[in-house]
Amino acid sequence: MLEQRITLITLGVTNLERAIDFYENKLGWKRTGSSAEGIVFFQLNGFQLALYPTLKLAEDATVPAEGTGFKGFSLAYNTRSEKEVDELVASLGKKGVSVVKPPHKVFWGGYSSYVADPDGNLWEIAYNPYLPLDEKGNVIGD
């Protein structure tokens, strides 16, 4: 049986240096010491995010690298308030980050915005009143 957890999310990127610039200089994240030439890791709460060239990732998975448009998933960063969503999205917009959807109240009762990294990977910046966070930003589960 597979344990219910995520260890690593790897995003295929078309330009590794441009992606590193986005995650380090726009989001303000720090890469881990296990990063190496050709791959970068960021420690998140409980798992890591990796950036790796798209062509090499597809080759490793033995699948075609072609594909455009919506990727069929998004990543989410949840905040503790609507105000925090507004502040984060405004700050990212000032840094040149593409704001795909400005912050606003959404049908499910929360407050949400979407931004995109240089490869079009969508990040939802959201306040979800039904999803409490602990002091480290982890979702408090059932």
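Mind checking which residues of the range 104-131 are assigned to a strand (DSSP E or B) and either surrounded by fewer than 15 Cβ atoms within 10 Å (Cβ to Cβ) or in contact with a Leu (Cβ under 9 Å, 6 or more places away or on another chain) (or both)? First the steps, then the outcome.
We begin by selecting, within the range 104-131, every residue assigned to a strand (DSSP E or B); these are 104-105, 111-116, 122-127.
Selection gives His104, Lys105, Ser113, Tyr114, Val115, Ala116, Leu122, Trp123, Glu124, Ile125.
How many residues are hydrophobic (A, V, I, L, M, F, W, C) and either buried (at least 17 other Cβ atoms within 10 Å of the Cβ) or free of Cβ contacts under 8 Å to residues at least 12 places away in the same chain (or both) if we restrict to the range 92-103? Quick ask: steps written out before the conclusion?
First, pick out the residues of the range 92-103 that are hydrophobic (A, V, I, L, M, F, W, C): 92, 97, 99-100.
With the extra rule that they be either buried (at least 17 other Cβ atoms within 10 Å of the Cβ) or free of Cβ contacts under 8 Å to residues at least 12 places away in the same chain (or both), the set shrinks to 92, 97.
The qualifying residues number 2.
Checking Asp134 against (1) without any contact (Cβ under 8 Å) to a residue 40 or more places away in the chain; (2) farther than 21 Å from Thr14 by Cβ; (3) out of contact with any Phe, Trp or Tyr (no Cβ under 6 Å at 6 or more places or on another chain); (4) surrounded by 12 or more Cβ atoms within 10 Å (Cβ to Cβ): exactly one of these is not met. Which one?
Every listed condition holds for Asp134 apart from (4).
Of all residues in the range 91-142, count the ones that are more than 26 Å from Asn25 (Cβ to Cβ) and out of contact with any strand residue (DSSP E or B) (no Cβ under 8 Å at 6 or more places or on another chain). If you could, list the steps in order and put the result at the bottom.
So in the range 91-142, the residues more than 26 Å from Asn25 (Cβ to Cβ) come out as 104-111, 128-132, 134-135, 139-142.
This time we only want the ones that are out of contact with any strand residue (DSSP E or B) (no Cβ under 8 Å at 6 or more places or on another chain), so: 107-109, 129-130, 134-135, 141-142.
Adding up the residues that qualify gives 9.
Looking only at the range 104-131, how many residues end up being within 20 Å of Ile20 (Cα to Cα) and either of a type in the set (Gly, Ala, Ser) or touching a residue at least 60 places away in the same chain (Cβ under 8 Å) (or both)?
To start, the set of residues in the range 104-131 that are within 20 Å of Ile20 (Cα to Cα) comprises 114-125.
From the residues that got through so far, the ones that are either of a type in the set (Gly, Ala, Ser) or touching a residue at least 60 places away in the same chain (Cβ under 8 Å) (or both) too are 116-121.
Selection size over the range 104-131: 6.
Among the residues of the range 1-36, which ones are over 23 Å from Lys71 (Cα atoms), at pLDDT below 95 and of a type outside the set (Gly, Ala, Ser)?
Met1, Leu2, Glu3, Gln4
The values are calculated or read from the model by the stated rules, or taken from the named source; none is laboratory data. None of these values were measured; they are calculated from a predicted model. So basically every Cβ, Gly included, is an ideal-geometry build from the backbone, and we count neighbours across all protein chains shown.
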